[in-house]
Each structure stands twice: as C-alpha cells, then as structure tokens.
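Asker: Sharing a structure here in structure tokens format.
The values are calculated or read from the model by the stated rules, or taken from the named source; none is laboratory data. These numbers come from a predicted model, not from an experiment. Quick reminder, even Gly has a Cβ in these numbers, built from the backbone with ideal geometry, and neighbours come from all protein chains shown. Please note that ligands, DNA and RNA were not included when accessible areas were found on the heavy atoms of the full protein model with its side chains. Shrake-Rupley method; radii C 1.70, N 1.55, O 1.52, S 1.80 Å.
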Amino acid sequence: MKKVLIFLLCIGLGTNAIADEGMWLPLLVKRLNQVDMEKMGLQLTADEIYSVNNSSLKDAVVNLGGGFCTGEIISKDGLLLTNHHCGYDYVQGHSTVENDILTNGFWAASKSDELPNEGLFVQFLVRIEDVTKKVLKKVKADMSEDMRTETIDAAITEIETEAKGDTHYDVKVKSFYEGNEFYLFVYETYNDVRLVGAPPESIGKFGGDTDNWMWPRHTGDFSLFRVYSGPDGKPAEYSPENIPLKPKHHLPVSLDGVQENDFAMVFGYPGSTNRYLTSFGVDLAIEETNPARVKIRGKKLEIMKEGMDADPAVRLAYASKYARISNYWKYFIGQTKGLKDLDVYDKKVEIERNVSNWIHDKKSREKEYGDPVTEIGKAYDEIEKYNLPFYYHIEAGFGVELVSSSYKMSGLIQALKDEDPEKAQKSIENYKVISEHFFKDYNPKIDQQVLAAMTALFLQDIDTTYIPKGFRAASNIFHNESDLMDGFKASSASDYDAFSTFIFSNSILVNHGKMMAFYANPSAEVLESDPGYILANSVYESYKNIAEKRGGALSQLDFGRRNFIAALRKMNKDKKYYPDANSTMRLTYGKVSSYNPRDAVHYNYLTTLEGVMEKEDSTNPEFIVAPKLKALYEAKDYGQYGTNGKLYVNFITNNDITGGNSGSPVINGSGQLIGTAFDGNWEAMSGDIAFEPVIQRCINVDIRYILFIIDKFAGASHLIDEMTIIKNGSAQTKAN
Ligand code: ARG
C-alpha cells in the first residue's frame, strides 16, 4: 500500500529517491544513503562499503573488459564469479565440435588446468574523487558550447595526467548529470584472467531466449574465472609464472538464503541508462529507433538460425554472436512495449512542463537556465533527420560481418603504401592475427545471405542520400552513377542476391585460404580493388558522414540537457538525484521482493529446482535438463545447499540495475554474498528510461544453486573449499 502511494507521488515529480531506485556512487553513499540503508537492514559501516585506505566491499568487485559485465572475488585466491552469459564468448572460444565445453560445461580440476583468455581483463577500483571544481574552473557562463567543451577537455587531460603520474594505474575522468559534475576514477587492471568453471549451457542458459528478460526464471547463469598477478602481486600479462591474485577483500558466501523484504544491495558497473531522457527521446525510440533495430536484428537472427540449425560447427561458431544480437532484439521489443504500456511519454511531458513552469516563474531562473525544453525540442528536429540512417549503418551496414571485419583494412593499405617494409610487416602480422580470429567463427554462406538481406533493407527503407555507394550497386536505378562497383551491373531495381553473390565470389576477404595467401604476398592494389573491401569502405565512409552530422545535432542537445537537469535538481532541492549509469561503479540497495505482474497474478520472489523440472522439454534445446541434474533432483540430493527438501534457483529484488551489472554480487546486510544479478523483468523493460518502483525487479541466481552446481553437480568441491562459507550466520570451519 505504501509503495503505491510513493509511486503516485513519483509520477508528478520524476526521479524519486526511494530506496530501491538509484544507482549511487560509492563515494557518496555515506552522505546520501547510509542512514536509509541502516533502516532497511544494513549492518556495515560506510567505511566497510567504500574506503580508499582500508579494505572494503568495493575491493571485491571488478568490471570485466572495462565494463561489459561485473564480477566479484569470492576467495583469497582470486576466484571470480560472474554470469554464464558474461563468460559465454570465452567458453565458446575454447569450444570445438569435438570438445564442446559450451554444451557440456567445463571444470578445471586444478589451477594448472585453468584456461587463459586473450583480451579479457578485469579492473579494480582504487579510488574515486570529485573533480567538478577543477574541471569547471575555467568555464565561464557566457562561453560558447564549443569553447566550453574545449576548456573542459583540456582540464580533464591535465587532471588525468596528474593522477596517473608514474603509476601503473588507469585513470579516467567522467561526466555526470550531463556535464554538471565530474569524477575521477583510478583503476588497477589485471590482464591474466583464466576460465575455471562453467556449467553446461542447459544450466547456464536454461530457458534460452524464451525465458530471457523474464520472471519466473530457472537459470544457473554463472561462470567462474580466476585473476592472476605477477609473482610480485602486481598486474602482469599472461605468463605461466603468474600466481593467483591475493585480493584486498573477498566476499564471504552465505548459505542462509533469502526471505521476502530482506535487505539486499548490488555493487557493479551499470553501463548506461537514460533516466533523464525527455519526451522527445521517448517518442523517437518508440516510433522509429526501436522498431528499426528489431526489424534488422530479426532478419539477421532468422538467417543465422537456419545456418546454425543445419550444422553443429556453425551452431558453435555463431552461438555467441547470435546470443548478443538476440538479447537486445528482445530488449528493444520489451522496451517499446513498456514505454507504451506504462505511459512513459506522458510522464515525461508532465515533468518537462513542471520544470518549464518553474523556470518561467522567475526572470532570474530564465537567465540561469534559458528555455531547456524548447532547446531540446529544436535539437531533436535536427537529430531526427539522421536517426534512421544512422541506426541502419550501425545495425545493417556493420551488421554484415564482411563489412565490420574489413573496413579497418585501410590501415593495412596505408602501411603497404608507406614504403616502410618494417612497418608494413608489423601491420601484416597484426592483421593476420585479427583475420585468424575472424575466420575461426565465420561462415561465408550465412554472411552472404545477411549481405543480400541488409542491402534490401537499406535500399527499401533509407533515403538515397544516406545509402552507401556499395549498396546502391545492387539496384539498376543507380546505373547512371559512375564507378558504383567495378564488374557488377545490377539487372533489376532489386538485384540483391546477384549483388551479394558477386561480392562473395570475388572478394578474398571472405575466404580463409585466399586471405592467408594474400598475407604471404600482400599488395595494396589487391585490397583496394577487392569488391568486399570497396563495399566495406563505402559503408564506413558513409557512416562517418552521417555520424558527424548526427553528432553535430546531438551536441545541440548538450546545452538543453545540462540545464534541464540542473533546473530539475534545483526545483526539487531536497531530493536526492542519482546520475545516469555510465560504466562507473555504483551501489543500489533495496530488498527481496515479490510482485504482481498483472491483474490477479502474483509472482513469488523465489524459484526452485521443481520449477526447472516443470519446464523440462527434451524436444526443445532451450529446456533440456541434464541427466545428472535430474538424478540429483530425484534423489533430493542437495547437500548443505538445500533448505527443507527444496533447492532454490533464482530470486528477485527491487534493486536498480542495467546492462553491465550482469554478474554483480547481491550482498546481504552483513556484507555476505547471497546471489549474482543477471537480468531484468519483462514488465519493466522501459526501466532504463524510467524506473518503475512497483514492478521493476532485478533477477538473481541464488548463491546456493551456484554452489550446489559446483559441488554436487560438477564435483568441484575444491572450489568450495577456497571460499569463506557462512552458515547460520557464522563462518564454517573447514575440515582441511
Ligand atoms: N538479458 C540478460 C542481460 O542482458 C542476458 C541473458 C542471457 N541469456 C539469454 N538467454 N540470452 O543481462
């Protein structure tokens, strides 16, 4: 009942600082949230959550690869827990048809069996500093926007250079509240991160795309890695000599489970939200951007699926690419539906009206903030011109693998032309490595069909001005344009298949053998006259043009958005506003909480292994249950992970998370790990734009299920022995 009241208040006021909403900067938690959290059940001090000088929770939380996911350290030997879908690409990379660990799972029997992962790194946060004053020191109120940007960029460079000094740290200043505040982040980066364990896909991705973004859920979405340091404990590139990291802090793991209304906080690296998006942006997303992205992705998925179903090797090669495209295909469908169902547009208009009225109430305010809503509206008139072509370039143009993999070849062409044999050789070696990576998971038959389909979409949906020249070659309408594509003349207005066939028969870029022969005997002319390269380059050139125009239009938004937020915060000056997510570490707190998705329907906050068995369908690859798991279920052999004959699988909290938070630790009031966050719920898919306090939920894997799978299912009890296990509130003493 109380929540409904809060919800109603919230509609009129916009962002509301009630407990569950908000992604808070750890640095500010002490000032803004500590009291609130204690009331809800937090027993830690602010210093135990975030401290620069003493070990604290933040020292057990890392971003993966700069922020595509989050992970947490769960042992004194650098064991790292994250989601299965975060490790997916790496597990797939280690898989072959003969040794398919993606399907069957992987468990390193000892540290020497752990698998290195090229390119994967994790970052520990060393400290955060508010540098707003320093960044804005030379900014004047009457500066032009360009001048302002230049002044700020210069100040940021200076601050970063000074903060880095001669340390091995990575430093970054980031903008918050649309350029109203700035914070410095200092990280320590570790590049040797090895795969330790992953459940079979039938557990790690149980429910597949059908259950994705949905509750009730029954997925064991976790995988294990280990962070290694050099023998001196410092970050080091991969080497057999490296040793398991000795972390400043690791999270104890609680087997005590969750109850409705239990306090829960989530630490992690949310990637991006748009909570201050205006009605103009909501309208554009609903009417144009989202439907376009869904349409293009849907087409690609259809083609990929056909190829994957026909051949197990293709299925493996495309598993990760498919999952990535499909995840946000469904996301955009859900977001559009959520924005409409929850009347987000109208709510935004209401907020904008309030802010405008408040500003126009006083001359002094008008002077300070201008007329931000009108400014934003004007900028959108401009943005709309480039919106659809821009997303077509991103989704359809670069959606062709030939294009995305080879437009950068211009670098190689340049190196070959430079007549610096040493530099050219180095460049060749680099590109060869990239090519080997590319061909490992590439199927030209699929890509050829994708090219034909993407060409069709471009030619049918986009204004001629913004269709890359390469694509225009597929239609005889453009025959009068010279040099579209040497050697190909379209015989109809929609000669897509012949066009794609021509490219794929004549380009070396889609053929492994021909590419390797090329590297052995490279020439700039061969690349420059390659139809695949010509196509890729034309997409890239066209993209640069449109991105520049759109960028100009977007920058017209800066002024309005900055002042809109500034006015909003001033108007409700007793309210605590949190900044949009931007891949920096955040804390969100709330509680374990069931919900009512629709009239007369109640969703419990926990799911069990019984639910897995209810969903079992041996004819549907998404719902297969591994025989071993079934046997454990039938014997009710849950060990110390079961509770009164039940094994809990997933649970929900009302924490405020988004993409990038995947793999984040869910932590109880005593600082112990109770789960791993991995998804959001279907009823609130518009949550990145407007948080929905009543129905938005964060979906987590119950830590008891994770440990059960590691121990009882996989028999990897040595990993459990590394952890600090809490049972009945206190640490278990181990036999060893
Ligand atoms: N929706 C999840 C996220 O974006 C990813 C879930 C992966 N599972 C799947 N079936 N694709 O974090």
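Asker: Which whole-number value in Å² is the accessible area per residue of region 637-679, probe 1.4 Å? Mind dumping the intermediate values first?
Answerer: Values: 820 Å² over 43 residues.
The answer is 19 Å² per residue.
Asker: For Lys137, which aspartates and glutamates qualify as cross-link partners when the Cα separation must be under 15 Å and same-chain residues fewer than eight apart are set aside?
Answerer: Those aspartates and glutamates meeting the cut-off are Glu150, Asp153, Glu158, Glu181.
Asker: Heads up, I need the accessible area for Glu481: 1.4 angstrom probe, whole protein in place, Å², nearest 10.
Answerer: The accessible area of Glu481 comes to roughly 60 Å².
Asker: Continuing with this model, one more query. Determine the distance separating the Cα centre of region 451-511 from the Cα centre of region 381-436; give it in Å without decimals.
Answerer: One Cα centre to the other: 19 Å.
Asker: So if R0 is 56 Å, what FRET efficiency would Glu118 and Asp142 give, r being the distance between their Cβ atoms, rounded to the nearest 0.05? Could the numbers behind the result be given before it?
Answerer: Values: r = 51 Å, r/R0 = 0.91.
Here the calculated transfer efficiency is 0.65.
Asker: I need the calculated FRET efficiency for the pair Glu150 and Ala498, taking r as the beta carbon distance and R₀ as 56 Å, to the nearest 0.05.
Answerer: On the way: r = 50 Å, r/R0 = 0.89.
Efficiency computed from Cβ-Cβ geometry: 0.65.
Asker: Return the aspartates and glutamates within reach of Lys305: Cα separation strictly under 15 angstrom, same-chain partners fewer than 8 residues apart disregarded; answer none if there are no such residues.
Answerer: Hits, sequence-local ones excluded: Asp209, Asp441, Asp447, Glu622.
Asker: Please state, as a whole number in µm²/s, the translational diffusion coefficient that the Stokes-Einstein equation yields for region 414-505 at 37 °C and 0.692 mPa s, with Rh defined as the Kirkwood radius across alpha carbon pairs.
Answerer: On the way: Rh = 15.3 Å.
In µm²/s, the coefficient is 215.
Asker: In whole Å, how far is the Cα centre of region 639-658 from that of region 524-584?
Answerer: Here the two parts' Cα centres lie 39 Å apart.
Asker: Whenever you get a sec, line up Val526, Val294 from highest to lowest accessible area (probe 1.4 Å, protein heavy atoms).
Answerer: Descending order: Val526, Val294.
Asker: Would you work out the relative contact order for the chain, in percent, from Cα pairs under 8 angstrom that are 6 or more residues apart? Walk me through the numbers before you get to the answer.
Answerer: Details: 1349 pairs, mean separation 173.1, N = 736.
It rounds to 24 percent for the chain.
Asker: Stokes-Einstein diffusion coefficient for region 473-610 at 20 °C in a medium of 1.002 mPa s, Rh from the Kirkwood formula over Cα pairs: what value in µm²/s? Before the final figure, lay out the partial values.
Answerer: Details: Rh = 22.0 Å.
Roughly 98 µm²/s, to the nearest whole number.
Asker: Next question, about the same structure. Pairs Lys205/Lys246; Lys362/Lys570; Lys205/Lys321; Lys321/Lys591: which exceed 23 Å Cα-Cα?
Answerer: Values: Lys205/Lys246 31 Å; Lys362/Lys570 13 Å; Lys205/Lys321 15 Å; Lys321/Lys591 34 Å.
Where the Cα-Cα span goes over 23 Å, the pairs concerned are Lys205/Lys246; Lys321/Lys591.
Asker: While we're looking at this one, here's another question. Give me the percent of the accessible area of the chain that comes from carbon and sulfur atoms, probe 1.4 Å, all protein chains in place.
Answerer: Working: 15590 of 30760 Å².
Answer for the chain: carbon and sulfur cover 51 percent of the accessible area.
Asker: Full-extension gain between Lys234 and Asp36, please, as 0.36 nm times their residue separation minus the C-alpha to C-alpha distance.
Answerer: Numbers: separation 198, 0.36 × 198 = 71.28 nm, distance 3.76 nm.
Here the answer is 67.5 nm.
Asker: Taking the solvent-accessible surface of protein heavy atoms with a 1.4 Å probe, what is the per residue accessible area of region 152-255 in Å²? Can you show the working numbers first?
Answerer: On the way: 3810 Å² over 104 residues.
Roughly 37 Å² per residue, with all protein chains present.
Asker: Go ahead and collect, in residue order, the members of region 388-419 whose backbone nitrogen is under 14 Å from a label point 7 Å along the Cα-Cβ direction of Gln460.
Answerer: Under cut-off, by backbone N: nothing.
Asker: So how far apart, in nm, are the two label points at Ala313 and Gln414 if each is 7 Å from Cα heading toward Cβ?
Answerer: Calculated label separation equals 3.7 nm.
Asker: Can you tell me the length gained on complete extension of the stretch Ser717 to Lys164, counting 0.36 nm per residue apart and subtracting the Cα distance?
Answerer: Between Ser717 and Lys164, full extension yields an extra 194.9 nm.
Asker: With 19 Å as the limit, write out which pairs from Lys378/Lys573; Lys134/Lys363; Lys300/Lys330 have Cα-Cα distances beyond it, or answer none. Write out the running numbers ahead of the final one.
Answerer: Numbers: Lys378/Lys573 28 Å; Lys134/Lys363 30 Å; Lys300/Lys330 13 Å.
Too far apart for the 19 Å limit: Lys378/Lys573; Lys134/Lys363.
Asker: Another question, then. Over region 410-530, calculate the relative contact order: mean separation of alpha carbon pairs under 8 Å at least 6 apart, over the residue count, as a percent.
Answerer: Computed value for region 410-530: 28 percent relative contact order.
Asker: At a probe size of 1.4 Å, how large is the accessible area of Arg324, to the nearest 10 Å²?
Answerer: My reading of the accessible area for Arg324 is about 140 Å².
Asker: With every protein chain present, what accessible area does Asp656 have (1.4 Å probe, heavy atoms only), rounded to the nearest 10 Å²?
Answerer: For Asp656, solvent-accessible area is about 0 Å².
Asker: Beyond a 19 Å Cα-Cα separation, which of these cross-linked pairs lie in this structure: Lys30/Lys58; Lys58/Lys172; Lys628/Lys712; Lys58/Lys727; Lys295/Lys615? Intermediate results must be reported in sequence, preceding the final value.
Answerer: Working: Lys30/Lys58 14 Å; Lys58/Lys172 17 Å; Lys628/Lys712 10 Å; Lys58/Lys727 23 Å; Lys295/Lys615 29 Å.
Too far apart for the 19 Å limit: Lys58/Lys727; Lys295/Lys615.
Asker: Compute the separation of the alpha-carbon centres of region 184-221 and region 102-147 and state it in Å as a whole number.
Answerer: First find each Cα centre; the distance between them is then 19 Å.
Asker: Moving on to the next point. At a Förster distance of 56 Å, what's the computed FRET efficiency of Glu384 paired with Lys440, Cβ-Cβ distance as r, to 0.05? If you can, show how the numbers build up before the last one.
Answerer: Numbers: r = 40 Å, r/R0 = 0.72.
FRET efficiency, Glu384 to Lys440: 0.90.
Asker: How would His437, His84, His512 rank on accessible area, largest to smallest, probe 1.4 Å?
Answerer: On the way: His437 110, His84 0, His512 80 Å².
In descending accessible area the options line up as His437, His512, His84.
Asker: Give the accessible surface of region 426-517 per residue, rounded to a whole number of Å², with probe radius 1.4 Å and ligands, DNA and RNA excluded.
Answerer: Details: 4390 Å² over 92 residues.
That works out to 48 Å² for each residue.
Asker: Separate question: Could you work out how far apart the two model spin labels at Thr189 and Ser523 are, taking each label as a point 7 Å from the Cα in the direction of the beta carbon, and quote it in nm?
Answerer: Once both label points are built, they end up 3.9 nm from each other.
Asker: What translational diffusion coefficient, in µm²/s and rounded to a whole number, does the Stokes-Einstein relation yield for the chain at 4 °C and a viscosity of 1.567 mPa s, taking the hydrodynamic radius as the Kirkwood radius over Cα pairs? Could the numbers behind the result be given before it?
Answerer: Values: Rh = 27.7 Å.
Result for D is 47 µm²/s.
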